Amino acid sequence: MRPAQLFDVVSISYAATLPSGECIAATPEGKPLTLAIGSGQILKAVEACLLGMEPGHTRTVHIQPEDAFGLYRQELVQEVPRAVFADRIDPRPGMILSLNVTTDGTDHQVPATVLAAGNETVTVDYNHPLAGQVITYTITLHAIGT
């Protein structure tokens with residue numbers, strides 16, 4: 001059997017965990033994921049670890065934040081006037097909201113996690129919830145060319 005190469009269609013199963021051991025993503029039991037290596041369906045660093053694997057092989061890799069969901073950036077934590085929410089919503093810590101952000105003159109809907117909610121301001125975090133985390137992937141290659 002030849003090892004997996006770039007652009008091969010492969011069948012894999014995986015589990016992604018945080019340093020605490022919490023599983024944040026996994027393929028359903030008995031239902032492998034089929035993808036082309038290099039297609040961008042999964043993190044590039046995870047795709048790269050598939051290269052050279054052979055069917056039946058399992059590999060565990062630790063993906064650093066910069067190759068996963070980015071470094072945690074403190075400047076993405078901001079205070080927003082409570083008036084922005086008007087009477088539409090009562091923000092509470094832990095809520096994930098979709099907020100409008102203007103970048104280079106273009107409006108975008110961006111998810112933000114509410115960290116604190118005071119009478120006048122609401123502290124929101126625009127970082128991805130997994131930013132700054134090392135993600136450990138345990139990947140099994142089941143087949144090449146499926």
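The values are calculated or read from the model by the stated rules, or taken from the named source; none is laboratory data. The shown structure was predicted, so the numbers you read here are calculated from the model rather than taken from an experiment. Because the Cβ atoms are built from the backbone with ideal geometry, glycine has one as well, and the counts that use them run over all protein chains shown. The protein model used for the area step is the full one, side chains on, heavy atoms only, and it has no ligands, DNA or RNA in it. Shrake-Rupley method; radii C 1.70, N 1.55, O 1.52, S 1.80 Å.
So who's got an amide H within less than 5 Å of the one on Val122, skipping anything under 5 residues away but keeping other chains? H placed 1.01 Å off N, in plane.
Val80, Arg82
Give the ranking of Arg92, Arg82 by solvent-accessible surface, highest area first, calculated with a 1.4 Å probe.
From most accessible down to least: Arg92, Arg82.
What accessible area, in Å² to the nearest ten, does a 1.4 Å probe give for Glu79?
Rounded to the nearest 10, that gives 120 Å².
Expressed in nm to one decimal, what extension gain is obtained for the pair Arg88 and Gln74 from 0.36 nm per residue of sequence separation less their Cα-Cα distance?
Additional length available on full extension: 2.3 nm.
Under a plain spin-label model, where a point goes 7 Å from the Cα along Cα-to-Cβ, how far apart in nm are Thr60 and Leu115?
3.2
Kindly write out, for the range 107-124 in residue order, the coupling ³J(HN,Hα) from the Karplus curve 6.51 cos²θ - 1.76 cosθ + 1.60 (θ = phi - 60°), rounded to whole Hz, with x marking Gly and Pro.
Computed from phi, the couplings for the range 107-124 are 7, 9, 8, 10, x, 9, 9, 6, 8, 8, 9, x, 5, 9, 9, 10, 8, 10 Hz.
When the accessible area of the chain is split by element with a 1.4 Å probe, what percent falls to carbon and sulfur?
Looking at the chain in its full context, I get 53 percent from C and S.
Would you mind telling me which residue in Thr113, Thr17, Thr121 has the biggest mean-square fluctuation in a Gaussian network model of the chain, where springs connect alpha carbons within a distance under 10 angstrom?
Largest GNM mean-square fluctuation: Thr121.
Out of Arg73, Arg88, Arg59, any idea which swings most in a Gaussian network model of the chain, alpha carbons joined below 10 Å?
Of the options given, Arg88 has the highest mean-square fluctuation.
Could you do me a favour and compute the accessible area per residue for the chain, 1.4 Å probe, result in Å²?
60
In terms of solvent-accessible area of protein heavy atoms at a 1.4 angstrom probe, what is the ranking of Cys49, Cys23, highest value first?
Result of the area sort, largest leading: Cys23, Cys49.
Once phi is turned into θ = phi - 60°, what whole-Hz ³J(HN,Hα) does the Karplus curve with 6.51, -1.76 and 1.60 give for every residue of the range 45-57, x standing for Gly and Pro?
With coefficients 6.51, -1.76 and 1.60, one gets 5, 6, 4, 4, 6, 6, 4, x, 6, 10, x, x, 8 Hz.
For P(r) over Cα pairs in 10 Å bins from 0, in percent, which listed value, (1) 10, 35, 32, 18, 4, 0; (2) 11, 31, 25, 20, 11, 3, 0; (3) 11, 42, 37, 9, 0, comes from the coordinates shown?
Checking each listed value against the structure points to (2).
For a quick check: with amide H placed at 1.01 Å from N, whose amide H comes under 5 Å from Tyr72's, ignoring anything fewer than 5 positions away on the same chain?
Long-range HN contacts for Tyr72: Gly132.
Note down, for the range 76-146, the three equivalent ellipsoid semi-axes (square root of 5 times each alpha carbon gyration tensor eigenvalue), biggest first, whole angstrom.
34, 16, 11
Any idea how far apart Thr27 and Leu51 come out in nm if each label point goes 7 Å out from Cα toward Cβ?
2.1
Please compute the modelled spin-label separation between Asp104 and Gln41, points set 7 Å along Cα→Cβ, answer in nm with one decimal.
So the two model labels end up 3.0 nm from each other.
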